[in-house]
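The values are calculated or read from the model by the stated rules, or taken from the named source; none is laboratory data. All values derive from a computational prediction rather than experimental measurement. Every residue, glycine as well, gets a Cβ built from its backbone with ideal geometry; the counts of neighbours run over all protein chains shown.
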Amino acid sequence: MWSGAIEYFKDPKQVARIQEFFGVKIHHGSADPKAKQLYDSQNGNSIDLVHARAKSGQSKRTLGETNGHTVIKRKLNSNHVRCNLNGEKNEYASSEEEAAVATASNFTITNYFWYYLFLFGTELGDEIFYSTFIPFWFWNIDGAVGRRIVLVWAVIMTIGQCLKDILRWPRPACPPAARLQVKWSQEYGMPSTHAMIAVSIPFSIVLFTMNRYIYSFTIGCTVAVLWCTLVCVSRLYLGMHTVLDIIAGLALAMFLMIPLVPLVDITDYYFLTKDWALAILVAASIATVVYYPSSDRWTPTRGDTAMVVSVTTGVHVGAWLNYRTGVMSTPLLPPPYNIIWPSYPMLGSAVLRTILGFCCIIATKAFFKFFSYATMSAILKVNSKELMRSQNCLENRNKVLVELVYKYITCFMIGLNAVYLLPNVFSMIGIERPTFYTEL
């Protein structure tokens with residue numbers, strides 16, 4: 001019975017049915033048979049692209065028409081898969097290869113409401129969302145809750161990413177499903193980390209705020225459920241996961257949050273006040289990157305894991321510095337607190353904090369990427385510019401090492417600046433959030 005259920009939910013035809021329900025018309029059997037070589041029926045990833053280009057001679061076709069059918073005109077994400085005849089994957093694809101990928105996809109969008117809604121939904125579990133949501137939460141909402149959310153996010157995301165490279169389950173085959181998004185297609189599919197994050201972040205917000213602020217718990221849960229549903233359905237709509245990937249991600253995240261939420265609530269105080277606890281956190285984050293499970297091919301999961309654990313470490317080091325310098329104090333009144341809706345001056349300060357903060361975050365990323373590449377390239381005695389342009393693969397050990405160091409250092413500094421440096425700058429220029437330093 002269980003094996004039958006697993007095969008049913010793993011079947012990519014279920015994904016195709018969901019896509020068609022939401023207005024994706026898949027032209028079954030009408031795609032160019034030579035362009036179909038781009039998709040491996042076993043793992044759903046692009047393969048033999050050079051071979052397809054050489055034989056079909058159709059890679060220069062525009063995205064507008066394919067075999068008489070109109071397909072969506074879109075600029076595919078820069079993280080395309082490009083493969084040579086040996087199946088070695090590069091990170092970027094040319095415009096010709098984009099056309100070949102679109103040819104193999106061969107679908108029509110008939111309902112753009114669902115298309116743009118689910119594009120937005122999938123971004124709620126993506127790097128752009130993390131980069132904006134986490135700093136914004138600390139600058140404008142609540143640091144104590146933010147530290148806990150980030151820690152839950154890091155643990156659940158790390159476990160999910162590791163399982164992907166351990167299990168190595170393919171993404172849904174295309175065809176019969178259609179791949180509406182190429183980004184992250186190098187990764188394996190089981191479990192869906194988008195689904196795991198769709199559980200961990202919104203429900204962590206509810207669980208960590210329900211006893212801290214006075215608001216409707218029902219409304220909070222409703223928003224969390226809608227958030228989670230939107231993200232999960234978006235991954236099916238875009239053809240990036242099977243139903244089984246989503247179910248496994250949801251179940252695993254819920255299972256992990258049962259012990260994790262109370263544990264994080266307890267340990268936050270120790271990370272903030274005890275040097276030994278913070279040292280353990282830093283060592284654990286570095287060990288996670290160093291001893292990350294090996295995969296049979298290059299995927300971006302290890303780099304994403306380095307990003308997650310380093311941001312979390314930077315956030316907690318920044319909070320520890322605030323405590324050690326004496327600027328952080330115990331609140332005068334215990335929770336729960338009434339939610340204070342911003343006045344016009346408060347709203348103006350929040351806007352200034354957000355704009356100035358994000359400008360500094362962008363500058364931090366640019367500087368430390370250059371600094372990390374230059375420093376590591378000098379240590380390894382390689383050309384930094386050539387290294388940046390070189391392909392991502394397991395055999396390119398220098399590239400892998402430098403990428404991991406760059407992501408760890410850069411994201412660590414982003415987390416540190418968001419919680420320590422920038423709030424001090426906000427205080428100096430008089431746009432600080434008044435309760436920031438009372439959120440133990």
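Of note:
- Any hit, region 389-400, residues being within 19 Å of Phe133 (Cα to Cα), touching a Leu at 6+ places or on another chain (Cβ under 7 Å), surrounded by 11 or more Cβ atoms within 10 Å (Cβ to Cβ) and of a type outside the set (Val, Ile, Thr): no
- Condition met for Phe358 (among the aromatic types (Phe, Trp, Tyr), farther than 25 Å from Asn211 by Cα and out of contact with any Phe, Trp or Tyr (no Cβ under 9 Å at 6 or more places or on another chain)): no
- Counting only helices (runs of 4 or more DSSP H) that sit completely within region 272-387, those holding 1 or more residues that are within 27 Å of the chain's Cα centre (by Cα), under 19 Å from Cys411 (Cβ atoms) and among the basic types (Lys, Arg) correspond to 301-324, 344-380.
- Being within 26 Å of Val206 (Cβ to Cβ) and in contact (Cβ under 8 Å) with a residue 60 or more places away in the chain holds for only one residue in Tyr237, Tyr270, and it is Tyr237.
- If you go through region 125-149 and keep only what is in contact with a His (Cβ under 8 Å, 6 or more places away or on another chain) and assigned to a helix (DSSP H, G or I), you end up with just Arg147.
- Within region 116-132, residues that are over 16 Å from Cys228 (Cβ atoms) and assigned by TED's automatic domain parsing to the domain that holds Ala198 have Cβ atoms under 8 Å from residues that are modelled with pLDDT under 90 and of a type in the set (D, E, K, R) in these pairs: Glu127/Asp304, counting only partners at least 6 apart in sequence or on another chain.
- Tally of residues being outside any helix (DSSP H, G or I) and either hydroxyl-bearing (Ser, Thr, Tyr) or farther than 30 Å from Ala178 by Cα (or both) across region 238-271: 1
- Picking from residues in region 210-237 that are hydroxyl-bearing (Ser, Thr, Tyr) and surrounded by fewer than 23 Cβ atoms within 10 Å (Cβ to Cβ), the one that is nearest to Val182 (Cα to Cα) is Thr229.
- Taking the criterion of being among the aromatic types (Phe, Trp, Tyr) and surrounded by 14 or more Cβ atoms within 10 Å (Cβ to Cβ), the residues of region 361-384 that qualify are Phe368, Phe370, Phe371, Tyr373.
- Residue that is surrounded by the most Cβ atoms within 10 Å (Cβ to Cβ), among those in region 150-168 that are in a helix (DSSP H, G or I) and charged (D, E, K, R): Lys164
- Region 1-35, subset modelled with pLDDT of 80 or more and of a type in the set (Phe, Trp, Tyr), residue nearest to Gln181 (Cα to Cα): Phe22
- Filter result (among the small types (Gly, Ala, Ser) and crowded, with 22+ Cβ neighbours inside 10 Å) within region 298-333: Ala306, Ser310, Gly314, Gly318, Ala319
- Residue in region 171-185 that is part of a loop (DSSP other than H, G, I, E, B), of a type in the set (Val, Ile, Thr) and in contact (Cβ under 8 Å) with a residue 12 or more places away in the chain present: yes
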